[in-house]
Amino acid sequence: MSISSNYDAQAVEDKWYGYWMKNNYFHSVPNEKTPYTIVIPPPNVTGVLHMGHMLNNTIQDVLIRRARLQGFNACWVPGTDHASIATEAKVVAKLKEEGINKADLTREEFLKHAWEWTDKHGGIILEQLKKLGCSCDWDRTKFTLDDDMSASVIKSFVDLYNKGLIYRGFRMVNWDPEAQTTLSDEEVIFEEQQGKLYFIKYKIEGSEDSLTIATTRPETILGDTAICINPNDERFTHLKGKKAIVPIANRVIPIIEDDYVDMEFGTGCLKVTPAHDENDKILGDKHQLEIIDILNPNGTLNSFGLHYEGKDRFEVRKQIVKELEEKGHILKIEDYLNKVGTSERTKAVIEPRLSDQWFLNMEELVKPAIKAVLETEEVKLFPKKFDNTYRHWMENIRDWNISRQLWWGQQIPAFYFGDGKDDFVVAATKEEALLLARKKSGNENLSENELTQDPDALDTWFSSWLWPMSVFGGILDPENEEFKYYYPTNDLVTGPDILFFWVARMIIAGYEYTGKRPFENVYLTGLVRDKQRRKMSKSLGNSPDALGLIEHYGADGVRVGLLLSASAGNDLLFDEQLCSQGKGFANKIWNAFRLVEGWEIAEIPQPDYANKALAWYNAKLQNTLIEIEDHFSKYRISDALMATYKLVWDDFCSWLLEMVKPAFGQPIDRKTFDAVIDALENNLRLLHPYMPFLTEEIWQSIKERTPEEALIINHWPEATSFEKSLISDFEIAAEVISGIRTIRKEKNISFKDTINLSVMNAEGFSAAFDSIISKLGNIESLSYVDEKVTGALSFRVKSNEYFIPV
C-alpha cells in the first residue's frame, strides 16, 4: 500500500467519519455489556460552534471513545435546547425586519415563524460537531421541544403541582424589559456600575419643613406610597404621625415607622416604593400601603408616570432630575458605585416587578441533592473546589420562578374557567382539564370553549433539568428497557457557569423521579480565554472561527491543542500555537509510521540491542498506562494526553525507532519489525480518543482490516506486569549516550567514526543496555576498567566515569 508523504487531514477526516457512520459504530442498543453513558449538554438549537463547545465536546468524545475501547457499551446522546429567551428574541428581531410586530400575531402564527426559523438555522451545530470527530449516537438525537420531550415536561409539571410543590403566587419577580419576561434569580447577573446617588427633598404637609431621602432611581419617586423612619431615630421624632408630599406628583403619603430602617445609612429617611423594590414590598405589606406600579412591561413609564408616560425609564431619569433641580428638590448628587442586576441573556437592567407567576417550592426537593454531593458523594464534582459553590447555592435556594412570558416553549398546562383567584385547574390535556374544571366549579355544563390556557411558557431549564431521564423516555415510561439500562448515566461534562442552572437541578430532578443520581461524575471544564486572560467573545474579536481552525490544523490537531491548554476547572488560556503543536504531533506520528513501513524485512536473527530496546519500551508503555489510568480517574484529561504525548514523541519516535532501526541500506529482522508494529498499534489505541482520524488512518494502513477490526471498536492496551528496573537502568544508559554525543560534538568527532569507551563502574550499574550504548554511540569496543584511563576525554554519570581515548 503506497503511503502519502504528507498527512492530508481533510481527506482522511471525511473518509473515516463516513466509514464510521456507515458501519454504525456510534450507535448503541442495550446488550449484555456494561453501559457507559454520557448525555450532551444540549447547545442552543440555532447556535454555532464556538471554542467552549469545542473543548467540552472534545473531552466528552475522549471519554466515550476510550470507554468504547475498554469494552463498555458506549452511548453518547446528542441533542439541542430550544432556548426560549434567546430563540424568541431572534425570531422577534427577524419579524421586526420584515415589518411584523409580534403583538399583531396570534400564538399559532408566531410559533409557525419560530419553527421555520428553527428548521432553517437549527441543528447546524450538530453537523459542526461531526467535523470535530464527535462519535455521538446520532440516531438518538433529541430536541427539547420534540413531542415526547414536551410531554415529559408537562407530565412533570402536573405531577409536581399535584404534590403541592408548584403554586401560583403574586410576587416580586425579576423582570427583563427587553425580553419582556421574568427571570429566575440565577439568571440575573449583578454587575458593579458607576451611578449617582440623588438626595431629594420632600415637603412635610402643612409646614415649611422638609425631609431628605437618598435614591439611585429618582424616576421611581412617582410610585412612592410612604416615607419610613426608624422609631428610635431622635432626629425625626418631630415627623412622627405626619405626612409628606411626593415632589412632582404632589401626592400626600404617610410617614411610617419601622426599625427596618438603618439609621446609619443614607439620610435615615427611606422612600417606600412597594411596586419597584422587594424590601419596600415587604414593608408595604406590613403597613398595608398602596402599590403604584409606574412601569410598562417594556420599561417605559405608564400613566402613573404623569407627563413622562411612554418614555424609557433611563431617559426619564435624566429628565426628572432636571425637573427636580428646577423646582428646588435636589439637595445634592454624589457619585455612587452600585450593584445592578442585569439579564444574563439580553444584558438589560432588571426591574423588580409584581406579577402573578408560577413557582416551584424548592425547600424539600433540594435536600437529597445536597446530601448526594456534600455528604455521601454519590455524585462527585471535579475539581472538588466547586463543592463550596454548590453548597452556597443549594443552602440559600429560593423558590424557582418557572413561568416565562414567552410563547416559544412548553405552554403551562393550567386552564382558567372563571374570574376568581383559584378558578383554574392543572392537567396534561384540555379534555382532562374540562373534567377537573366541571368538578371544581360544580358546573357540569362547562364547555371546552370556556377554558383558557395560561399563555405563559415554562422556563427552558424546567425542560432541560429532566434531560438525562427524558432522552431515554424515563419520565413518560420509567419501566422501559432503555431507561433501566442506560440510567443513571456515568459522566457529565459541562461548564461551571451552569452548575446551578442545570447540573444541580438535574440532580434534584433525578432524586425526585427515580431516587437515583442522574450521573456519577461531573467534570467542570474551565472557561476558554485568550492569552491575555480575556473571555472569548464576538465583540472583542478574540474568538477564533472554530471550523477555520479545523480546516487549518486538522480536527486532531485542534483537539490536541485544546486539551494541551485545558486543566480541570481552571480557565483555559487558548493559544493557536498549541493547535500548531497538535498538527506537528500528527505529522511526527505519520512520519514515524512512514519510516517503519519503509524498512526492508529479512529473515535474520534479532540483534541483542533490538531485544533490549523492545523490552524497555514495553516496560515504559506499561508504566505510562498506569499513569494514564490515574489521570483519568481524577479527570485530568490534559495530563493523560501529556503522558501519552511524551510516550509517543520521546520514547517511541526519539528513542525506540533510533535504537532498532537498521543501518543504512540494511534490512531489519522480522521479529523486531513485528514487535515495533505491535508497539505502534498500542500507541494508536492510546492516542485514538484524542486523535481519532489520524490513528484510524494509520491503523487501516498497517494492513487490510475488516469492519470488525476497525480501531474505533478495537480494545484498550492490556495492563501486564513489567520490570521497573528496565526503566531506571535505561535512564542511566540515555545519560551515557548523551555524554558520548556531547563529546563527539565538542571535539568534532564525526559520528561515522567508531570510538572506544571505557567504564569505571563504581556504582555497579547494569550492563543490560551496553549493546544499545554501543549502537547509538557508534562504539567499536566497550570495556570496564578499575582505574582512570590516561590521555582520554571523560565524562561522569552519577559516580561512574566514562573514558573515550583520543
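Structure above, values below:
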{"quantity": "Among (1) touching a residue at least 24 places away in the same chain (Cβ under 8 Å); (2) over 18 Å from Thr141 (Cα atoms); (3) open to solvent by less than 70 Å² (accessible area, probe 1.4 Å), the one test that Ile40 misses", "calculated": "(2)"}
{"quantity": "Residue pairs meeting the criteria (Cβ under 9 Å; at least 6 apart or on separate chains; first under 12 Å from Thr225 (Cα atoms), in segment 240-255; second open to solvent by 20 Å² or more (accessible area, probe 1.4 Å) and hydroxyl-bearing (Ser, Thr, Tyr))", "calculated": "Ala244/Ser210"}
{"quantity": "Within segment 200-228, tally of residues that are over 44 Å from the mean Cα position of the chain (by Cα), touching a residue at least 40 places away in the same chain (Cβ under 8 Å) and open to solvent by 20 Å² or more (accessible area, probe 1.4 Å)", "calculated": "4"}
{"quantity": "Candidates Asp497, Asp545, Asp556 - the one that is under 30 Å from Phe72 (Cα atoms) and either open to solvent by 30 Å² or more (accessible area, probe 1.4 Å) or in contact with a Phe, Trp or Tyr (Cβ under 9 Å, 6 or more places away or on another chain) (or both)", "calculated": "Asp556"}
{"quantity": "Residues being modelled with pLDDT of 95 or more, part of a loop (DSSP other than H, G, I, E, B) and under 28 Å from Leu111 (Cα atoms) - total across segment 121-149", "calculated": "4"}
{"quantity": "Hits in segment 601-617 - residues which are open to solvent by less than 50 Å² (accessible area, probe 1.4 Å) and hydroxyl-bearing (Ser, Thr, Tyr)", "calculated": "Tyr617"}
{"quantity": "Residues of segment 287-315 that turn out to be free of Cβ contacts under 8 Å to residues at least 40 places away in the same chain and of a type in the set (A, V, I, L, M, F, W, C), as a count", "calculated": "1"}
{"quantity": "Any hit, segment 106-118, residues being open to solvent by less than 30 Å² (accessible area, probe 1.4 Å), modelled with pLDDT under 90 and out of contact with any Cys (no Cβ under 7 Å at 6 or more places or on another chain)", "calculated": "no"}
{"quantity": "Ala74 being among the small types (Gly, Ala, Ser) and part of a helix (DSSP H, G or I)", "calculated": "no"}
{"quantity": "Lone unmet requirement of (1) outside any strand (DSSP E or B); (2) at pLDDT below 90; (3) touching a Phe, Trp or Tyr at 6+ places or on another chain (Cβ under 9 Å) for Tyr161", "calculated": "(2)"}
{"quantity": "Tally of residues being outside any helix (DSSP H, G or I) and open to solvent by less than 60 Å² (accessible area, probe 1.4 Å) across segment 574-600", "calculated": "3"}
{"quantity": "Restricting segment 739-770 to residues that are in a helix (DSSP H, G or I) and out of contact with any strand residue (DSSP E or B) (no Cβ under 9 Å at 6 or more places or on another chain), the residue that is least open to solvent (accessible area, probe 1.4 Å)", "calculated": "Arg741"}
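Rundown of residues vs (1) in a loop (DSSP other than H, G, I, E, B); (2) closer than 26 Å to Val366 by Cα, yes/no style:
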{"site": "Lys439", "(1), (2)": "no, no"}
{"site": "Asn445", "(1), (2)": "yes, no"}
{"site": "Met469", "(1), (2)": "no, yes"}
{"site": "Phe472", "(1), (2)": "yes, yes"}
{"site": "Leu476", "(1), (2)": "yes, yes"}
{"site": "Phe483", "(1), (2)": "no, yes"}
{"site": "Ile508", "(1), (2)": "no, yes"}
{"site": "Glu512", "(1), (2)": "no, yes"}
{"site": "Arg517", "(1), (2)": "yes, yes"}
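The values are calculated or read from the model by the stated rules, or taken from the named source; none is laboratory data. Only a predicted model underlies this, so the values are computations on that prediction, with no experimental measurement involved. Quick reminder, even Gly has a Cβ in these numbers, built from the backbone with ideal geometry, and neighbours come from all protein chains shown. Heavy atoms of the whole protein, side chains included, go into the accessibility calculation; ligands, DNA and RNA do not. Shrake-Rupley method; radii C 1.70, N 1.55, O 1.52, S 1.80 Å.
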